[in-house]
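Data block below; observations after.
Readers should treat all values here as calculations from the given coordinates under stated rules, not as data from a laboratory. Here the structure is a predicted model, which is why all the values come from computation and not from measurement. Cβ: placed from backbone, ideal geometry, glycine included. Neighbour counts: every protein chain shown.
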Amino acid sequence: MAKLVQLILLLATLQFVLAIPTDIYLKMLAAQAPTDPCYDDDKARKCIPDFVNAAYGTPVLATSTCGYNEPQRYCEHTSVSGSSKSQDMTCHTCDNDNPQQRFPASALTDLNNSNNVTCWRSEPITPVTSMNAPPDNVTLLLTLGKKYELTYISLQFCPKAPKPDSIAIYKSADFGKTWLPYQFYSSQCRRVYGRPNRLTITKHNEQEARCTDAHRHAGEMSGIQGTRIAFSTLEGRPSARDLDSSPVLQDWVTATDIKVVFNRLQMPEQATKLTLEPNVDIKAGKYSETESNTLHIHQLGSNALDQQSMYGTSGAAAGGTSALIASTGQHYAVSDFSVGGRCKCNGHASKCIPDHHGLLTCDCKHNTSGRDCERCKPFHFDRPWGRATARDPNECKICNCNNHARQCRFNMELFKKSGRVSGGVCQNCRHNTAGRYCDYCKEGYYRDPTKPLNHRRVCKSCECHPIGSSGKTCNHTSGQCPCKDGVTGLTCNRCARGYQQSRSHIAPCIKVPPRMSNMLDTQNTEPEPNPYEANAPYRTDGGRGKMRKMQNKHKKVKPEQILQKGLRNNGESNWSRSEHRGNKQRTIRIHQRKPTTGTRKRDGEVRFTNTDHFQAFPTRVRNNEYNPKTRSYDLDHTD
């Protein structure tokens, strides 16, 4: 029966879903999905974590705890008001081994329940008799474990416990390495802390700690009700309304640790004279068991506990006074220690979560990182990091490196010159690229116009001729190598028109003399005439002899002008040659191993990627690589 009901419900759900149009159903799902507070329609905006009690459940280290080492006596008022000049005090025992009489420091940050008040109590405090007496210096240390932006610090004292006279609050923003004063409370600020009472705060001293005596008069200061002291971190600070634009106050409210020091329970003028019941053993410092176990205390003026006025100058009387002071049981007692604030994320996260080490860390957005979102993520340095505000979320931007780099840095000068738009500088550009954005080819390479800028093979090697070019760097756009005088070609691999090859590596192409140029043009453009023909233009007389001498002179230069591979192979040419002798042609074949890496073409010429081996094939080079078509010497010309 149960399975049948489940099946019916499933069919009803499917029928309902199928009846809804797809677009409407998707909108319903999107509306139900949780939205990210750091984005509004994929647009970044300021976001902050929830306001919490940062001290809740956090351990507190106390320098003094009642009954921690041995059972001790503590006393408290029988009346909560404490306004009567004559009041009674009831004494009890604290013992750390007894759960009912234990008052540990963990009671400071547990759940504050008014129906079940838990208290931390210090050991009994010796009342002061003069200002020269050492301070009590009972300390409570709270470690938050992470940076918080605090709004208030509150101390709730236990019912019937006396309110301390002098309290100092300190804060640390570097996990306890350094401490700064936060707030002072004292009825005599100048005598105890050397500070004026209720100092006026201006924009020039917004990080100055103030001292006040308002805690002694609960009705004169808002935030102090009954036995509670609440310190507001921004109260009375001029820039409190615009915290985002005030780095001074941002640093002022930031804290990782809070330390509360109780310096004085009572001032000498407030010291009390004790009158005990007859059954109290003063010298022993112990109380005898009575039904109420009550002490009657009367407040007197200053020097009320002066030993000479009470007992004279005898040593026994002095010892009795010490026992009497020890038996009063006055102590510090706090029921709740709370710190209100938000996890510091600089406006780039809406919550804090534990990381893989168990440490509380901001769940950073806007391309930021760090425990407090205090920096940009790697490769997102195109603009400077900044705290998110309501006007500008200051989202970190990725660097534009055209997919040729994985690292970049920020440069403020470039950022200012760009109109505060871009300040990223790419580092370690790959794929033979260079530049701020890896947007041009490095030395020895040029841009391939057939490929997009972000292609990994956008830069091609220049391959400038090692002898014909004056450098290895070619034009980044066209690939034209810098040629020496008389050398031409994209890679500077042939002699220009009117130039012939030489044996010099400094000037591989030299200008041909005009007379020789004309003769070479004649003998290279027309076949050599048959001397036995009747119409031959040359005879065996002096003119013919001069031509023979010129040809012989030119023949000596022939082996030195084979430059097409001499430039590439250090003067060793493996190209086949043919020479004209009358109407006969002699062909020289050179057989070598085939190239292992294949061939490629560039600018109409045949190139081999392996210059050590060339393919065996017959070629014909006319008259020392002279190209009759261009009427110039070609370093790599074959016919």
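Of note:
- For segment 369-481, the fraction of C-alpha pairs more than 17 angstrom apart is 62%.
- Net length available on complete extension from Tyr56 to Lys43 is 1.2 nm, with 0.36 nm assigned per residue and the Cα-Cα distance removed.
- Amide H contacts of Arg102: Asp95, each under 5 Å away and 5 or more positions distant or on a separate chain (H built 1.01 Å from N in the peptide plane; Pro and chain starts excluded).
- Per residue, the convex hull spanned by the Cα atoms of segment 377-436 amounts to 77 cubic angstrom.
- Under 5 Å, built H, 5+ apart or other chain: amide partners of Tyr182: Ile169, Tyr170, Lys171
- Shape call, segment 346-389: gyration tensor on alpha carbons, a/c limit 1.5: oblate
- If R0 equals 45 Å, the separation of the Cβ atoms of Ala214 and Glu443 corresponds to a calculated FRET efficiency of about 0.05.
- Alpha-carbon centroids, segment 341-380 and segment 248-270: separation in whole Å: 29
- Placed amide H near Arg430: partners under 5 Å, 5+ positions off or other chain: Ala405
- q = 0.10, 0.17, 0.18, 0.22 Å⁻¹, segment 67-200: log10 I(q)/I(0) [Debye, one scatterer per Cα]: -0.45, -1.28, -1.38, -1.53
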